[in-house]
Amino acid sequence: MNFVNFVFVCTAFAVAVTFVMCSAAPYEHLITTLPGLINGSSVKFKQYAGYVMLNESRNKKLFYWFVESQRDPASDPLVLWMNGGPGGSSLVGFFTEHGPFRPRKDKQIEPFPQSWTKIANVLYVESPCGVGFSKSNYPQEDYVTDDHKSAADNYLFLNNWFELFPEYSKHELILASESYGGHYTPLLAREILNHDTENKIKLGGLLVGNPATNQDWLGKEDAWGYVDFLFGHGLISHSAYIDVFNKCDMLSFLTDCNANFLNKTDECRMAINAALKEVPSPIDAYDIDALVCLDNGYAGAASRTRYTSKWSGISAFIRDSLLAEAYTHPLVDNPIRYEPQNIVDPCLSNYMPLYLNRADVQKALHVEPTTWKEFGDIHYGTMNDNMVPVWKEILNNPRSKSWKILIFSGDFDLVVPFEYTQRWIRCLGLPIKNDWRPWMIGKQVGGYTIDYDRMSFLTVKGSGHMVSYYTPDKGFEFFKQWMEQK
């Protein structure tokens, strides 16, 4: 080897060592190319994907996809996102809600401008084991789980992920989720409080949307909020509602925090069933104002099309408000271009398996070849446990005093009606700090909010169960305002 080559090799080695020392993230998990990104779009932010091992002898591991902030990854907070189900893949949140890409029917993806990754580092994890790409060599044991096992696994995942990405262990961590995440998030927070005795995890906040919490997500099994929502949104008749109201003793629903409203008389059940016969079909229970997907004819279409949408990704009334204030939206260079766009497809969730089951995509994500599905083949117990005592335990812990906690609800969601959510939060008995008031996008009302001591509640006007899916504009804006404490 001559001197020039020797110097070159030594220099290259030094650069490599410097890179490894400065960037602790596992290079083997770095996504170096993303197949199917349309029109030659380039990705200017780092992404990592792969497995985090939970039990090496069982080959039990969870899949994650991590996207660094497009603003300032070194100082922006870290958000851990979990979808609900239980058993729903968190890639639903990635691809249909607030991730940096949207899937297309042609098995490609396109950039999504209203991603939460514009202002935060976001870590998506497929949990529990058996969901999405997450797997084990012992599915008969490891795909049988419950709230307590999932919380322990998620805590182990988080600790093991920080070992792979130690530079992010110093960042403020926000636990975020929706739907059955109303169980995942408070239980993981409690797990951290109970086991992270040295405060290694810098947990700074909880963010949960339309959360399954108590009796608030059992649909027609709990008639009080469900039937009240149906009547309030014009889906059942006045006479049917009055019949349920009287025969099910609904007068005390909003004020009695101790009663179990799941115990019904036969007379009450008959009134409920009669009212439900009036509900129109087809209708999207996750957003009663949304279109439903009618296209199941193409190869690879998902069997379920629950995640449907209005055709109004950026609504005209918000555009007019922003332009009236000469406001430049953070994702748009020129406010004059801030026009209504049909950027959301009511069949969007059908396109995810088409993309994620591409062999080149799975290779790029560093996963073992498999068939990805939106819902995992798992068996889940303890689904009806009441999370209110867990929230009380969290709020009574001195360590949580500095946290910011937000519960938000799309007010067109029939699956977890906002009336229920308001009720259990009120029943916590927390003092009110800032009473009921609108929160704004420009000069328009984005929804309503109330601040209690230690916790806030926020509605998103005209949105559904998956807020960032049904109304991406509001989904980004409320997240930005909350993260910046505005």
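For segment 31-51, residues that are more than 25 Å from the chain's Cα centre (by Cα) and in a loop (DSSP other than H, G, I, E, B) total 4. Checking each residue in segment 255-271 for being within 14 Å of residue 226 (Cβ to Cβ) and assigned to a loop (DSSP other than H, G, I, E, B) picks out 261, 262, 264.
Mind checking which strands (runs of 3 or more DSSP E) fall wholly inside segment 98-213 and carry at least 1 residues that are buried (at least 22 other Cβ atoms within 10 Å of the Cβ) and within 19 Å of the chain's Cα centre (by Cα)?
Qualifying strands (runs of 3 or more DSSP E): 101-103, 121-125, 173-178, 203-209.
Could you grab me the full set of residues in segment 349-378 that are loosely packed, with under 14 Cβ neighbours inside 10 Å and not in a loop (DSSP other than H, G, I, E, B)?
Listed by number, the residues that qualify are 359, 360, 363.
When segment 430-486 is filtered for residues that are hydrophobic (A, V, I, L, M, F, W, C), surrounded by 22 or more Cβ atoms within 10 Å (Cβ to Cβ) and not in a strand (DSSP E or B), the ones remaining, listed by number, are 466, 467, 476, 478, 479. When segment 59-97 is filtered for residues that are in contact (Cβ under 8 Å) with a residue 24 or more places away in the chain and of a type in the set (Asp, Glu), the ones remaining, listed by number, are 68, 76, 97.
Bear in mind these aren't lab numbers, they're just calculated from the coordinates by the rules spelled out. Quick caveat: nothing in here was measured; it's all calculated off a predicted structure. Here Cβ is always computed from backbone atoms with ideal geometry, including for glycine, and neighbour counts include all displayed protein chains.
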